[in-house]
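Quick notes on the structure that follows.
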Amino acid sequence: MAKILVVDDDPEFVAATGAILEGEGYSVVSAPNGEKGYAAAKKEKPDLMLLDVMMTHDTEGFDIVRKLKEDPETAKLPVIMITGIRKAKTLPFRFEPDDDWLPVKAVLEKPVKPETLLQHVRQAIGH
């Protein structure tokens, strides 16, 4: 069974996402911010991380994903960013995965439809 780490400071989002993932047979662990998410990634060895952007500060998710990629223990961990930053900051552009600046499998906008989330999760962990 694949283990998914959900890193988000919104407990309702974590609970709802966890319920969707567990309903599909995934094991779910969570962390409320980037630093705790980074520590959990090293301790829990998840198969995938779902990562928010705006938590303790506005760019926290971006900072954490780069930190994960620089650490040999977590460098291969696939990450899907799930964020409401475009709406919150009224940004006129989308974020796209990029090997250097944003080394993630996908960037999904909140709210994410369950079927869209599950499709990306399956692609990211190869199931």
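The values are calculated or read from the model by the stated rules, or taken from the named source; none is laboratory data. Note that the structure is a prediction, hence the values are computed from the model and not measured. Cβ coordinates were reconstructed from backbone atoms using ideal geometry, including for glycine residues, and neighbour counts include every protein chain displayed. Areas reflect the complete protein model, heavy atoms only, side chains present, ligands, DNA and RNA absent. Shrake-Rupley method; radii C 1.70, N 1.55, O 1.52, S 1.80 Å.
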Subject >> Test set (1) at pLDDT 80 or above; (2) open to solvent by 100 Å² or more (accessible area, probe 1.4 Å); (3) touching a strand residue (DSSP E or B) at 6+ places or on another chain (Cβ under 9 Å) - Arg94 fails condition number >> reply: (1)
**OP:** Could you check how many residues of the stretch 30-56 are out of contact with any Ser or Thr (no Cβ under 9 Å at 6 or more places or on another chain), open to solvent by less than 30 Å² (accessible area, probe 1.4 Å) and either among the small types (Gly, Ala, Ser) or closer than 18 Å to Ile125 by Cα (or both)?
**Re:** 2
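Return yes or no: is Ala75 out of contact with any Gly (no Cβ under 7 Å at 6 or more places or on another chain), assigned to a helix (DSSP H, G or I) and open to solvent by less than 60 Å² (accessible area, probe 1.4 Å)? Working first, answer last.
Numbers: out of contact with any Gly (no Cβ under 7 Å at 6 or more places or on another chain): yes; assigned to a helix (DSSP H, G or I): no; open to solvent by less than 60 Å² (accessible area, probe 1.4 Å): yes.
No, not satisfied.
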Original post:
more than 13 Å from Leu5 (Cα to Cα) and at pLDDT below 85, is that true of Pro111?
Top reply: no
Subject >> Selection count, the stretch 54-91, where residues are hydroxyl-bearing (Ser, Thr, Tyr) and modelled with pLDDT of 90 or more >> reply: 1
